[in-house]
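Before any comments, here is the structure.
The values are calculated or read from the model by the stated rules, or taken from the named source; none is laboratory data. All values derive from a computational prediction rather than experimental measurement. Methodologically, a virtual Cβ is constructed for each residue, glycine included, from the backbone with ideal geometry; neighbour enumeration extends over all protein chains shown.
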Amino acid sequence: MEAQASTKFGSAARDIQMKSWFKAIYDFFYEMFFGCSHGHLTRPFTLQAHSYKVCLDCGRQFPYSLDKMRMLYPWEIVKQPIEELAPIAVESGLAEQQNYNRTKAIA
């Protein structure tokens, strides 16, 4: 009985995996033939040194080159490594407070 149950659950898992695989293929071809044509794009935006345009219909972002003044092809996109964070010197301003004299005229 247990052998039949494990076979039943194994085939159920296989069926789910097969259905998800077919769904992925179906979704790919559906998007290719009937998906968004990206006809309504925004002007170029630049945030954190990356420029892109956004499709107003589906929300997808497309990399944009300010040098070439056009959207980039996938093979033109250069993956930039994340720069290491440099320590920032922060001064407390305590020295300025100690030398502060309230009797000095501001104007």
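Taking the criterion of being assigned to a loop (DSSP other than H, G, I, E, B), surrounded by 12 or more Cβ atoms within 10 Å (Cβ to Cβ) and not small (Gly, Ala, Ser), the residues of region 28-55 that qualify are Cys36, His38, Thr42, Pro44. When Val78 is tested against (1) among the β-branched types (Val, Ile, Thr); (2) at pLDDT 80 or above; (3) assigned to a loop (DSSP other than H, G, I, E, B), only condition (2) is not met.
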